[in-house]
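Inspection log for the structure reproduced underneath, given as structure tokens.
Only the coordinates and a few stated rules stand behind these numbers; no lab work does. This one's a predicted model, so the numbers in the text were calculated from it and none came from an experiment. For neighbour counting, all protein chains shown are included, and Cβ atoms are generated from backbone atoms with ideal geometry for every residue, glycine included.
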Amino acid sequence: METNDWDSLLIDYIDQNLSAADRGKVEQALRSDNAVRMQYEQLREILQAMEQVGEQEPPARMTTSFNARLQEEIRAAKQPRTISLTPTVYRVAAAIALLVLGGGAGYWISRHQQQQAELEAMQREMKATQEMLMAMLDNDLSASQRLQGATVALRMDRADNDLITVLARTLTDAPTTNVRLAALDALGKFSHERPVRQALIKALSTQNDPLVQIALIRMLVDMKEKTILKELHRISTDEQLLNEVKDEAHAGILRLS
Amino acid sequence: MTDEMLMKAVKDGDLQQASLLFERYNKRIFNFLAYLASDRVLAEDLTQNVFLRVIRYRTSYREGARFEGWIYQISRNVLADHYQGQKRHRSQFIDVENMSDTLPDNTDAAERDEKEHLLQRAMARLTEEQRQLLVLTRFQHRKYEEVAQIMNTTVANIKVKVHRAIGQLREHYFTLEKI
């Protein structure tokens, strides 16, 4: 058996922690083995020496000092808790705030720039479409182009003054009835807008296409535009106009009166 | 009231109860630290620090846990922090040459028991953990179960380590005796 193993066995023997069998084994070795017996004597002396080390009394001032510090702790605990912001805390807080603000600002700027770019692209696209549309409506040489332009205008959600002006001119000047009717339909879609309304009222006095005149009278009467009553009286009594146009004007007077 | 009940009261904000815990434990903790630091004045400061930590870290006390195990753990931490801070703890060994200046009151050189002095010198050659194990189990007579809890290990492991420490202490002791 190794020395360390005997150490452990002998310590347990001295501490009286061995079973009867192990105790017998140790006692046998103590009787027959000088080295084990010496090891035992040394361990017993060591353990006895440790056993004899007495406890020390702490100085009385230690209790006094602790009690004073305890009272300080109690006072501190009763005071409202405040957060001690050391320069390091400030720096960390500032860094976090900057990160958050920077991130937020960056995100906002990025979003804003993205939206702005999208808006500009849409505006460019609309302008190009409108220019194309007005070019089509102004094309005196091609009725089909003007009709197509008026049809495209009909699908638009809103119209600016330029488009209204072009549509109103088309309504009056277009060489074919279909183009003028298409322009009238396009303007009718924006009839809630004051410039369109005024353009339609003006067109009633200048329109010379009977089919367009009838359509225009119906539209303005549907819009309950009473300012056209005087013009309707003129039309209804104009001997040069077709009876169908005069009848439509007369019917309009009855509906608006 | 049990230690655990007192500590729960402290945890719940009744800090005055800490004075009772101090009464019960200050001598034990002071001796533990004095044995290990071989310095009464230092042990006095460290003991107060231990109890201040008990108060300041009261919320970390787990209800139901043995208070004794917890305060010894704090004591070990306070000692380790002291050594860490002071950088005066050379390796794992106590400054044996200057020990006579820092030994307890009743260890005046003229009256000091030769065997106890020899024991102190032999102890100084052990590791910090071995010294703590021997102080707890042999000087302060704490059970292996209690020490296992303080050291956060098993009883079997503690027993093996204690026996090994005693074996090494025996070797140092009788080697020094021959010098």
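The length gained on full extension between residue A:255 and residue A:192, counted as 0.36 nm times the residue separation minus their Cα-Cα distance, comes to 20.7 nm.
Cα axis of helix A:243-256 to longest principal axis of chain A: angle in degrees, 0 to 90, nearest 10? The two axes meet at around 50 degrees.
Which angle between 0 and 90 degrees, to the nearest 10, do you get for helix A:20-32 versus the longest principal axis of chain A when only C-alpha atoms count? With both axes taken from Cα atoms, the answer is about 50 degrees.
Label-to-label distance for residue B:27 and residue A:63 is 1.0 nm, based on points extended 7 Å past Cα in the beta-carbon direction.
Entry note, chain A: relative contact order of 9 percent, from Cα contacts under 8 Å with a spacing of 6+ residues.
Volume per residue for the protein assembly as shown equals 347 cubic angstrom (convex hull of Cα atoms). Taking a sphere under 11 Å around the Cβ of residue B:138 and counting the other residues whose Cβ falls inside, with K and R at +1 and D and E at -1, yields a net charge of 0.
Residue-wise HN-Hα couplings along region A:159-169, as the Karplus relation 6.51 cos²θ - 1.76 cosθ + 1.60 with θ = phi - 60° gives them from phi, are 10, 8, 4, 4, 5, 4, 4, 5, 5, 5, 5 Hz; Gly and Pro carry x. Across region A:3-49, Cα pairs under 8 Å and at least six residues apart give a relative contact order of 39 percent. Quick one: Cα centre-to-centre distance for region B:14-55 and region A:1-76, in angstrom? With region B:14-55 and region A:1-76 each reduced to a Cα centre, they are spaced 23 Å. Under 18 Å from a label point set 7 Å out along the Cα-to-Cβ vector of residue A:77, the amide N atoms of region B:35-61 belong to B:48-61. For chain A, lysine pairs separated by 8 or more sequence positions, or belonging to different chains, with Cα-Cα distances below 19 Å total 9. The HN-Hα couplings worked out from phi for region B:144-160 by the Karplus form 6.51 cos²θ - 1.76 cosθ + 1.60 (θ = phi - 60°) are 4, 4, 5, 5, 4, 5, 5, 8, 6, 8, 8, 5, 4, 5, 4, 4, 4 Hz, whole numbers, x standing for Gly and Pro. Hey, what angle do you get for helix A:34-52 against the long axis of chain A, alpha-carbon based, 0 to 90 degrees rounded to 10? For A:34-52 against chain A, the angle is about 70 degrees. With a cut-off of 15 Å on the backbone N, the residues of region A:227-251 near the modelled label site 7 Å out from residue A:201 along Cα-Cβ are A:227-233. Between the amide H of residue B:142 and those of B:137, distances stay under 5 Å, these residues lying 5 or more places away or on another chain, with hydrogens modeled in the peptide plane. In order along region A:172-184, the Karplus-derived 3J(HN,Hα) couplings, from 6.51 cos²θ - 1.76 cosθ + 1.60 at θ = phi - 60°, round to 8, 9, 4, x, 10, 5, 4, 5, 4, 5, 5, 5, 4 Hz, and Gly and Pro are given as x. Semi-axes of the equivalent ellipsoid of chain A are 116, 28, 19 Å, computed as sqrt(5λ) over the eigenvalues of the C-alpha gyration tensor in descending order. With each label modelled as a point 7 angstrom along the Cα→C-beta vector, the residue A:161-residue A:240 pair spans 3.2 nm.
Between residue A:122 and residue A:94, what is the FRET efficiency for a Förster distance of 45 Å, r being their Cβ-Cβ separation, to the nearest 0.05? Result of the calculation: an efficiency of 0.65. Over the protein assembly as shown, dividing the summed -39,500 (n - 2.57) contributions of all DSSP H runs of at least 4 residues by the number of residues returns a 222 nm mean residue ellipticity of -24000 deg cm²/dmol.
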